[in-house]
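Written out below as structure tokens is the structure these notes cover.
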Amino acid sequence: MKLSDRLSCVAQHVLPGLPMADIGTDHGQLPVWLVRTGMVPSAIAMDLRPSPLSVARRQVAMAGVGDRVECRLSDGLEKLTEREVATVTICGMGGGLMARILGAHPEVRESVARLVLQPNNDVEKLRRVLQALSWGICAEELLIEGRYVYPTIVAEKVVVSRCYDESELAFGPLLRVARSEAFVEMLEREARQVRRVLGQCQGSPEATRRFEARLALVEQELGRG
Ligand SMILES: C[S@@+](CC[C@H](N)C(=O)[O-])C[C@H]1O[C@@H](n2cnc3c(N)ncnc32)[C@H](O)[C@@H]1O
């Protein structure tokens, strides 16, 4: 089984040799791949809904890894116990929902060594929540596939951390430093999109002000401010 580029980005940051849990696993491809390749000894594939979990169960059975991948019905971290896994991955859902999941069971979250998160929106909100919970960003990836932009955030618990500034929260502290082609492309896309929205929100001074401020931040990041 070949993993998509998007999920490969997540897989490469999972702590090797230690158990992991995938929250919102759906098809279960990530935990199955990690166990099959021997990158982790065991995995828990978790989902809120029974129907995706039954798809995951089929994947697990087909891959012959039923002795090492457990499928578990759970709302976020609810059914995970403390110190049960080293890495928690959450991919393919909004950053707001991820923030809620991470906030709901602090004792489980704090027993985990690493979080690997791939939100499909609200990434700035997620960075803010990680900062508020004292989780530092230790790696970031950015993948663009067609019209989709996939940021991956790797976070670990930090004892003392400096506060991220507004640009770091908006665009990613490490993505800004690496300044890859994908990063510049992401900014160019956002600038075009905000300009388009600005052209449509005449008559709403509040919205106009908000989008103008965002455009200024993006342009500044592009070095055009
Ligand atoms: C779009 S799929 C993403 C699947 C996979 N993680 C990926 O990135 O390809 C999102 C999955 O998250 C699950 N989900 C949504 N809210 C959840 C929650 N609170 N706890 C666990 N799973 C949840 C949904 O049931 C769905 O299967």
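The values are calculated or read from the model by the stated rules, or taken from the named source; none is laboratory data. Quick caveat, the model's predicted, so the values are computed rather than measured. Please note: Cβ atoms are built from the backbone with ideal geometry, for glycine as well, and neighbour counts cover all protein chains shown. When the accessible area is computed, the model is the full protein with side chains, heavy atoms only, and any ligands, DNA or RNA have been set aside. Shrake-Rupley method; radii C 1.70, N 1.55, O 1.52, S 1.80 Å.
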Vicinal HN-Hα couplings computed from phi for region 53-61 (Karplus, 6.51 cos²θ - 1.76 cosθ + 1.60; Hz; Gly/Pro x): 5, 6, 5, 4, 4, 4, 4, 4, 5
Under a cut-off of 26 Å between alpha-carbon atoms, report the lysines in cross-link reach of LYS79, not counting same-chain residues fewer than 8 places apart. LYS125, LYS157
Whole angstrom only: what separates the Cα centroid of region 48-77 from the Cα centroid of region 108-155? 24 Å
Taking the Cα atoms only, what angle lies between the long axis of helix 95-104 and the longest principal axis of the chain, rounded to 10 degrees? 50 degrees
What the 5 Å binned alpha carbon P(r) of the chain shows, as percent of pairs per bin from 0, is 1, 7, 14, 17, 18, 14, 11, 8, 5, 3, 1, 0, 0
Treating the angle as unsigned and between 0 and 90°, give the value, to the nearest 10°, between the Cα long axis of helix 123-132 and the longest Cα principal axis of the chain. 70 degrees
Run lengths n ≥ 4 of DSSP H only: what is the helix-derived mean residue ellipticity at 222 nm for the chain, with -39500 (n - 2.57) per run over all residues, to the nearest 500? -13500 deg cm²/dmol
Percent of alpha-carbon pairs separated by more than 15 Å within region 102-197: 62 percent
Accessible surface, per residue, of the chain when the full set of protein chains is kept, probe 1.4 Å, Å²: 49 Å²
Carbon and sulfur atoms account, in whole percent of the 1.4 Å probe accessible area of the chain, for 52 percent
What whole number of Å gives the distance from the Cα centroid of region 170-191 to the Cα centroid of region 196-225? 17 Å
The chain: most fluctuating residue of ARG192, ARG127, ARG147 per GNM, C-alpha cutoff 10 Å: ARG147
Relative to the Cα centre, what is the charge dipole magnitude of the chain, using +1 at the beta carbon of each Lys and Arg, -1 at the beta carbon of each Asp and Glu, and rounding to the nearest 20 debye? 300 debye
Quickly rank 111-120, 33-42 as a protection proxy: mean count of other C-beta atoms within 10 Å, highest first. 111-120, 33-42
